[in-house]
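The structure appears below as structure tokens.
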Amino acid sequence: MTQKRKPKIAVWKFSSCDGCQLSLLDCEDELLAVADAVEIAYFPEATRAVVKGPYDISLVEGSITTAHDAERIHQVRRATKFLVTIGACATSGGIQALRNFKNVKEFVSIVYATPRYIETLNKSTPIADHVFVDFELRGCPVNKYQLVEVLSAYLNGRKPNTPPHSVCTECKRRGTPCVMVANGTPCLGPVTHAGCGALCPAYHRGCYGCFGPKETPNTASLSAAWSQLGVGEQDIMRAFRGFNAYSEAFRKESEAHEG
């Protein structure tokens with residue numbers, strides 16, 4: 001009897017901090033089940049073993065910030081059947097996309113003693129700006145259970161079941177009082193994709209938008225509410241320029257308050 005071939009999985013790193021790859025390693029018991037169902041063909045964070053493609057599924061962490069990145073992501077796409085971007089860097093350009101609002105050449109000249117050695121693009125862009133992406137998994141870092149859900153969905157031929165609602169729903173589920181209503185604390189929870197378990201509001205802090213904008217976020221309404229709390233234009237702009245600064249909804253709202 002012919003033994004069924006295990007799907008090949010590859011994990012790729014572009015410009016990022018490795019946090020989303022570590023989320024996969026942090027799955028521990030769940031990762032053992034995944035490893036038994038797939039062949040981990042390429043994952044430098046976990047193993048030096050390399051199996052040549054093509055790959056059934058690729059998890060891509062990081063944004064495109066160099067010309068080399070821009071070329072390599074096309075190579076990954078050609079070698080992959082199902083490509084999943086993981087994390088804020090891969091889905092929106094990440095914290096490094098703050099460069100997109102300024103002149104990156106000025107940063108290079110100030111920071112580096114020998115600027116001519118630095119080869120970088122003017123913008124940090126998400127993977128989807130360069131190649132077709134089959135599924136985006138947000139977060140900084142990603143939720144490890146959502147990551148396992150995406151892999152399970154692929155292995156079982158179904159659509160991934162990840163929440164489309166906001167962080168506010170997670171606050172309600174865990175019984176956390178609204179920090180905006182109770183304390184007047186600015187919070188991005190109403191416009192931010194769920195996935196963190198409402199971690200920051202649970203410690204009496206406003207949401208920082210780690211999981212990026214939710215579906216159809218009303219950012220203008222939230223900004224208006226913040227203004228009523230006494231938050232200034234510059235602070236509103238900075239709030240939307242965090243981990244997902246270059247996601248369309250957050251970018252447009254930050255630009256609306258740029259002095």
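Tabulated data
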item: Residues that are out of contact with any Lys or Arg (no Cβ under 6 Å at 6 or more places or on another chain) and hydroxyl-bearing (S, T, Y), drawn from segment 55-87; result: S58, S63, T65, T66, T80, T85
item: Residue tally, condition hydrophobic (A, V, I, L, M, F, W, C) and crowded, with 17+ Cβ neighbours inside 10 Å, over segment 1-37; result: 11
item: Any hit, segment 155-163, residues being part of a helix (DSSP H, G or I), over 20 Å from E215 (Cβ atoms) and not charged (D, E, K, R); result: yes
item: Residue match in segment 99-116 (condition: surrounded by 15 or more Cβ atoms within 10 Å (Cβ to Cβ), touching a Lys or Arg at 6+ places or on another chain (Cβ under 6 Å) and at negative phi); result: yes
item: Strands (runs of 3 or more DSSP E) wholly inside segment 1-100 that include at least 3 residues being under 21 Å from A153 (Cβ atoms) and in contact with a Ser or Thr (Cβ under 7 Å, 6 or more places away or on another chain); result: 55-61, 80-86
item: Within segment 106-129, tally of residues that are in contact (Cβ under 8 Å) with a residue 12 or more places away in the chain and over 28 Å from C27 (Cβ atoms); result: 8
item: Candidate set from segment 101-133 (those that are β-branched (V, I, T) and in a helix (DSSP H, G or I)); member that is modelled with the highest pLDDT; result: I127
item: Residue match in segment 200-222 (condition: under 23 Å from the mean Cα position of the chain (by Cα), surrounded by 16 or more Cβ atoms within 10 Å (Cβ to Cβ), touching a residue at least 12 places away in the same chain (Cβ under 8 Å) and at positive phi); result: yes
item: Pair list, Cβ under 6 Å, 6 or more apart: segment 40-67 residue more than 13 Å from C89 (Cβ to Cβ), other residue among the polar types (S, T, N, Q); result: E45/Q21; Y55/T80; S58/T80; T66/T120
item: Hey, V231 surrounded by 21 or more Cβ atoms within 10 Å (Cβ to Cβ) and touching a residue at least 24 places away in the same chain (Cβ under 8 Å) or not; result: no
item: Residue among G93, G87 that alone is touching a residue at least 40 places away in the same chain (Cβ under 8 Å), buried (at least 22 other Cβ atoms within 10 Å of the Cβ), touching a strand residue (DSSP E or B) at 6+ places or on another chain (Cβ under 9 Å) and closer than 19 Å to A10 by Cα; result: G87
item: Which numbered condition V34 misses (of (1) of a type in the set (A, V, I, L, M, F, W, C); (2) more than 16 Å from I127 (Cα to Cα); (3) out of contact with any Cys (no Cβ under 8 Å at 6 or more places or on another chain)); result: (3)
item: Among the candidates E170, E149, residue that is more than 25 Å from L83 (Cβ to Cβ), touching a Ser or Thr at 6+ places or on another chain (Cβ under 9 Å) and surrounded by 13 or more Cβ atoms within 10 Å (Cβ to Cβ); result: E170
item: Residue that is farther than 22 Å from Q96 by Cα and assigned by TED's automatic domain parsing to the domain that holds I86, where the choices are E30, E61, E45; result: E30
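The values are calculated or read from the model by the stated rules, or taken from the named source; none is laboratory data. This structure is a prediction, so every number in the text was calculated from the model and none was measured. Cβ atoms come from the backbone with ideal geometry, glycine included; neighbour counts cover every protein chain shown.
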